[in-house]
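Quick notes on the structure that follows.
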Amino acid sequence: MKLSRLLLIAVGLIVFVGVGLSIRLKNSPGEGTGPTGSVVSEGNLVGRVPSRGAAPRPRLQDILAGNKNGDEGAAQSAAIDVSEVQARAEKSVAEAGTWAAHLGDPSARRTALQTVATVAAEQNLATSTNWMGVLEREEDREIVLQSIAYEAMRSDPIMALNLAAELPPGSDRDDLLMQATRQWASADPNAAAAWVDKLPDETLRNQLLAPVFVADAKIDGEAAAANISKHLPAGPEQDRAAVAVVQRWGQSAPESAAAWVEQFPETPVRAAAIENLAAVWRAQNPEAANQWVARVMKPSVNAK
């Protein structure tokens, strides 16, 4: 009896130890997962489990096929491959433009049209708008005009201005006009000013004249100062332009710029002009700049 009990106890111990050892082996580091997370390398997981994010990027042909088959959802979710749009446009700008204009997703259509327009401008700027007859939507025409205008700005700012003038009023058009005017003014400020001066919109005209006069300050500071006083109405636009002219004029003729600043009335604009001119002048002749500042800054201004 005692012997039988001892045998049963021994068998029980063997089973208990065996189960415990099996559990420990299953949870050993490097061979499974435990409560603290995965201990299997990410590389191994990728090798065994298909990655959800590894789907191939849709090709443009697939996007176009989706449009033809009426599968607008698939076309709208697809990403545009700009290099493929480029290759398509390099073969035929008109065909690429027609294809781009028929993309269902507005974002994809915009990107494709911008790419086609850029290729057209790079190939031949003078004829870069000839293919626009294929565009039926007015918004598509605006996208293309704006894209070509920005490309033209670098080599033909006058063309950029003329293209921008075809855009409807708005911040996009005004920003484009501002940048193109600035670009033109850096090479020929007088011609740029003459063009801007003919604009019928007074507010826009003043906004564009200001950077023209500022650009002219590097060439002829005295003329720029006279134009600011004569052509721009009193107000924030004139104030900003005056300070900018002083800063640029001071780089070549600080004494002349200083004489103009001294005519300013006692306003924050005068203080800003003095500060900007002094900073530029000190880089050339700190002693002369400090003497001038001490003379023109009244005690009331210094106290502030």
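The values are calculated or read from the model by the stated rules, or taken from the named source; none is laboratory data. For clarity, every value in this text was computed on a predicted model and none was experimentally measured. All Cβ positions, even for glycine, are placed from backbone atoms using ideal geometry, and neighbour counts span all protein chains on display.
For A126, indicate whether it is loosely packed, with under 15 Cβ neighbours inside 10 Å, modelled with pLDDT under 95 and under 22 Å from Q146 (Cβ atoms).
Answer is yes for this residue.
Pick from segment 124-137 the residues that are out of contact with any helix residue (DSSP H, G or I) (no Cβ under 7 Å at 6 or more places or on another chain) and polar (S, T, N, Q): which of them is farthest from Q183 (Cα to Cα)?
If we take residues in segment 124-137 being out of contact with any helix residue (DSSP H, G or I) (no Cβ under 7 Å at 6 or more places or on another chain) and polar (S, T, N, Q), then N130 is farthest from Q183 (Cα to Cα).
Of all residues in segment 111-133, which are over 18 Å from L163 (Cα atoms) and not polar (S, T, N, Q)?
Scanning segment 111-133 gives a single hit, A112.
Quick one: is N190 closer than 30 Å to S252 by Cβ, outside any loop (DSSP other than H, G, I, E, B) and outside the structural domain of Q247 (by TED's automatic domain parsing)?
yes
Could you tell me whether D216 is closer than 30 Å to R295 by Cβ, modelled with pLDDT under 90 and of a type in the set (D, E)?
Yes, satisfied.
Could you go through segment 138-155 and let me know if any residue there is touching a helix residue (DSSP H, G or I) at 6+ places or on another chain (Cβ under 9 Å), more than 26 Å from W260 (Cα to Cα), β-branched (V, I, T) and surrounded by fewer than 20 Cβ atoms within 10 Å (Cβ to Cβ).
no
Just one of (1) modelled with pLDDT under 90; (2) closer than 17 Å to V280 by Cβ trips up R205, so point out which.
That leaves (2) as the condition not met.
When you go through T115, T181 one by one, which is the residue that is outside the structural domain of G97 (by TED's automatic domain parsing), hydroxyl-bearing (S, T, Y) and buried (at least 18 other Cβ atoms within 10 Å of the Cβ)?
Answer to the selection: T181.
Given the options L208, L199, L232, name the one that is in contact with a Ser or Thr (Cβ under 9 Å, 6 or more places away or on another chain) and closer than 23 Å to P157 by Cβ.
L208
Can you name the condition, by its number, that S300 falls short on among (1) among the small types (G, A, S); (2) assigned to a helix (DSSP H, G or I); (3) within 35 Å of the chain's Cα centre (by Cα); (4) at pLDDT below 95?
(3)
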